[in-house]
1. Scan the range 149-164 for residues that are open to solvent by 40 Å² or more (accessible area, probe 1.4 Å) and either more than 9 Å from the ligand (Cβ to nearest atom) or within 18 Å of residue 197 (Cβ to Cβ) (or both) and jot them down.
2. Scan the range 4-22 for residues that are touching a helix residue (DSSP H, G or I) at 6+ places or on another chain (Cβ under 9 Å) and closer than 25 Å to residue 60 by Cα and jot them down.
3. Considering the range 165-179 alone, what residues qualify as being near the ligand (Cβ under 7 Å from one of its atoms) and open to solvent by 30 Å² or more (accessible area, probe 1.4 Å)?
4. Restricting to the range 60-87, count the residues that are open to solvent by less than 50 Å² (accessible area, probe 1.4 Å), free of Cβ contacts under 8 Å to residues at least 12 places away in the same chain and under 19 Å from residue 36 (Cα atoms).
5. If you check 220, 202, 258, 233, which single one turns out to be among the small types (Gly, Ala, Ser), surrounded by fewer than 21 Cβ atoms within 10 Å (Cβ to Cβ) and closer than 15 Å to residue 182 by Cα?
6. Can you tell me how many residues in the range 236-255 are surrounded by fewer than 17 Cβ atoms within 10 Å (Cβ to Cβ), under 22 Å from residue 146 (Cβ atoms) and of a type in the set (S, T, N, Q)?
7. Take residue 154 and decide whether it is modelled with pLDDT of 95 or more and touching a helix residue (DSSP H, G or I) at 6+ places or on another chain (Cβ under 9 Å).
8. When the residues of the range 134-146 are narrowed to those that are in contact with an Asp or Glu (Cβ under 7 Å, 6 or more places away or on another chain) and near the ligand (Cβ under 8 Å from one of its atoms), which ends up most open to solvent (accessible area, probe 1.4 Å)?
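The values are calculated or read from the model by the stated rules, or taken from the named source; none is laboratory data. This one's a predicted model, so the numbers in the text were calculated from it and none came from an experiment. Glycine also receives a Cβ, built like all others from the backbone with ideal geometry; neighbour counts cover every protein chain displayed. Areas reflect the complete protein model, heavy atoms only, side chains present, ligands, DNA and RNA absent. Shrake-Rupley method; radii C 1.70, N 1.55, O 1.52, S 1.80 Å.
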Amino acid sequence: MKISEIFKQKRRTLSFEFFPPKKVENEQTLFNTIDVLKKYDPDFVSITYGAGGSSQDKTVEWTLKIKKQYGLNPMMHLTCITATREFVDRIVDTLKENSIYNILALRGDLPEGFDKSGMEFSYAYQLVGYLKEKGGFSIGVAGYPEGHPESPSLDKDVEYLKMKIDAGGDFIITQLFFDNRKFFDFLDRLNKFGVTVPVVAGIMPVLNLKQVSRFTDMCGATIPKELLNKLSGKDKNDAYKVGIEYAVKQCQELIDNGVKGLHFYTLNKFNATEDILKAVKLF
Ligand code: FAD
């Protein structure tokens, strides 16, 4: 089912993100995770796409597998990097042949030293426009409550995001964030720029201090001092509890303020997502 249709029927969506395992021995972990999380009846699940690497075929493979084997509603991620029109056409045909109607259209993170001059689609909005022309898909795009790291300003960031919506984007899924204030300010900016599509919050709990700098380096997400203080000096088990407790509060506040959807970055594990879902009142 198209995600844009689900938004018309439901107050709020629940979704999970998985990545295609690189090694065969890790596939069972993902199968187990899907087995556990599917009982929460997700509206869709998304499968990430390796921007420059060899996992691209795996993304298609897992997208099809998740639909066929589990009957879940998949959304395939697709990036501009290395994508030609011909290649996108082939993906579109495969998805249509398999009755898959959702794509998250992204630029992808540029690998170090990547030569951008050969890109047929330089920005996600161009890929969105091309997919829209093809017809038949509900198209999601990425949004950044704290701004994309390459954006010159928060307003410019939303201006560019609006280009993705104007090109045919139906909904936004955000980068992970930990401070709801940043998310609410982001919604205000979208409103100011006339962007009215549903915005789904990307959720990933911090489960240990080591993750903190990784998240900050990776996507510029700031970790609130309150959370940092609570995590500091904790052993593995206690840090996990602190991270889950924080994420539960974060999710509940988003829900209480009418968030259109929660999208969990599962990292192919079920524990943290399940522990959060057990504790929040989703509806
Ligand atoms: P764009 O929207 O094209 O923006 C890229 C940069 O260019 C931004 O700084 C933007 O402000 C700027 N920009 C946009 N339009 C213009 C313009 N017209 N002129 C000048 N500047 C402009 N990456 C993967 O490789 N695989 C995945 O599966 C994946 N999944 C993701 C899922 C989610 C929910 C999110 C939030 C991100 C995901 N990413 C993934 C990461 C994403 O690819 C990176 O953040 C990437 O750097 C930007 O992608 P984008 O689609 O937001 O790009």
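1. The initial filter retains those residues of the range 149-164 that are open to solvent by 40 Å² or more (accessible area, probe 1.4 Å), namely 149-150, 152-156, 159-160, 162-163.
Hits for the range 149-164 are 153, 154, 155, 159, 160, 162, 163.
2. From the range 4-22, those touching a helix residue (DSSP H, G or I) at 6+ places or on another chain (Cβ under 9 Å) are 12-16, 18-22; that's our starting set.
Result: 13, 14, 15, 16, 18, 19, 20, 21, 22.
3. The initial filter retains those residues of the range 165-179 that are near the ligand (Cβ under 7 Å from one of its atoms), namely 173-175.
Of everything in the range 165-179, just one residue is near the ligand (Cβ under 7 Å from one of its atoms) and open to solvent by 30 Å² or more (accessible area, probe 1.4 Å), namely 175.
4. 1
5. Details: 202 fails: surrounded by fewer than 21 Cβ atoms within 10 Å (Cβ to Cβ); 258 fails: closer than 15 Å to residue 182 by Cα; 233 fails: closer than 15 Å to residue 182 by Cα.
None of the others qualify; the one that does is 220.
6. First pass over the range 236-255, keeping only residues surrounded by fewer than 17 Cβ atoms within 10 Å (Cβ to Cβ): 236-238, 241, 245, 249, 252-253.
Next, from what is left, pick out any that are under 22 Å from residue 146 (Cβ atoms): 249, 252-253.
Cutting the leftovers down to of a type in the set (S, T, N, Q) gives us 252.
Summing the residues that are surrounded by fewer than 17 Cβ atoms within 10 Å (Cβ to Cβ), under 22 Å from residue 146 (Cβ atoms) and of a type in the set (S, T, N, Q) in the range 236-255 gives 1.
7. Working: modelled with pLDDT of 95 or more: yes; touching a helix residue (DSSP H, G or I) at 6+ places or on another chain (Cβ under 9 Å): yes.
Against the criterion (modelled with pLDDT of 95 or more and touching a helix residue (DSSP H, G or I) at 6+ places or on another chain (Cβ under 9 Å)), residue 154 qualifies.
8. Our first condition is that a residue be in contact with an Asp or Glu (Cβ under 7 Å, 6 or more places away or on another chain); within the range 134-146, this holds for 138-140, 144.
Then keep just the ones that are near the ligand (Cβ under 8 Å from one of its atoms); that gives 140, 144.
Numbers: 140: 0, 144: 46 Å².
It comes out as 144.
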